[in-house]
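The next block holds one structure in the form of C-alpha cells; read it before the comments.
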Amino acid sequence: MVENGRYYLLDPSLPETGGDAVALHRAAVDLLTRINGIALSLHSAYKPVSLSGSFRDESGTHYAVAAVEATVRFYATATAVVTNGPPGPPPLPEGTRLATLLQTMPAAAKVFRLIGEKGFGWGTMYEVFEIIQDQAGGQLHARGFGVTGKDIKRFTRTAQPHRHGVVKAQPPKKPMELIEAQAFIRRLLDAWLR
C-alpha cells in the first residue's frame, strides 16, 4: 500500500502481537526476507529492500523501531489467455504464486529465506541445491528437473572452492560462470516449485 509517498507492507499472515512492537517487527522482517528471496530468485537485478522500522498496527497506533532507507522498484506485466471465447482470468504473477507456496511448503520458505538473507552467491546456491536435491530424493536428473548428471557434477565441482577452505576435488575443465550457475539454480527452483 502507498500512502503519502510511503510504502506499507500489508499481509494477513502477520501475527496478532497484542501491541508487542518487537514481535511484530520480527515477523515483518521474516516475511520481507522471504519476499526478497523470491524476488532475487526471479530477477538477478533485484535490489533487496528492508523495513523502515516505522509502522502502524490495525488500530492506527504508530511504532518506531529503527529508521532504514529502502528503494523499491516494481515491474509488472499482464498476460491473458484466450481460447474460443472471452479471456479467462490472468494467471497469478510468479511472485504471488511463489509467496503462496511459502504457506504450504516449509522447504520453499527455507530456500527463499536463505536467498533473502544471504543473497544469490555460490554458498547460498549450493545450500538451495542441497535442499532441492533432498526434496527430490536425491534424483534430480531422473525426476523431470531438466538437468543431467553432468550438469549437476559441473555445478557442484565449480561451487566447491567457494564453499571450502581446502578443496580436494579437481574443478571441472569448463567451470560454470556465476550467472550460468544462477540460471541453473533458477531452473531447478522452477522445476521443483511447479
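The residue that is modelled with the highest pLDDT, counting only those in region 156-177 that are among the basic types (Lys, Arg) and part of a loop (DSSP other than H, G, I, E, B), is Lys174. Of the residues that sit in region 107-151 and are over 18 Å from the mean Cα position of the chain (by Cα) and among the aliphatic types (A, V, I, L, M), which one is surrounded by the fewest Cβ atoms within 10 Å (Cβ to Cβ)? Per the criteria, the residue is Ala142. If you go through region 130-154 and keep only what is in contact with an Asp or Glu (Cβ under 9 Å, 6 or more places away or on another chain) and either among the β-branched types (Val, Ile, Thr) or at positive phi (or both), you end up with just Gly146. Listed by first and then second residue, the pairs linking a residue in region 25-42 that is in a helix (DSSP H, G or I) to a residue that is surrounded by fewer than 19 Cβ atoms within 10 Å (Cβ to Cβ) and among the hydroxyl-bearing types (Ser, Thr, Tyr), with Cβ atoms under 8 Å apart and 6 or more places separating them unless they lie on different chains, are His25/Tyr63; Ala27/Thr17; Val29/Ser50; Leu31/Ser13; Leu32/Ser50; Asn36/Tyr46; Ala39/Tyr46; Leu40/Tyr46. Taken over region 152-194, residues that are surrounded by fewer than 14 Cβ atoms within 10 Å (Cβ to Cβ) and of a type in the set (Gly, Ala, Ser) amount to 3.
Here Phe145, Phe184 are screened, and the one residue that is in contact with a helix residue (DSSP H, G or I) (Cβ under 6 Å, 6 or more places away or on another chain) and closer than 13 Å to Gly121 by Cα is Phe184.
The values are calculated or read from the model by the stated rules, or taken from the named source; none is laboratory data. In this text the structure is predicted, and so the values were computed from the model without any measurement. All Cβ positions, even for glycine, are placed from backbone atoms using ideal geometry, and neighbour counts span all protein chains on display.
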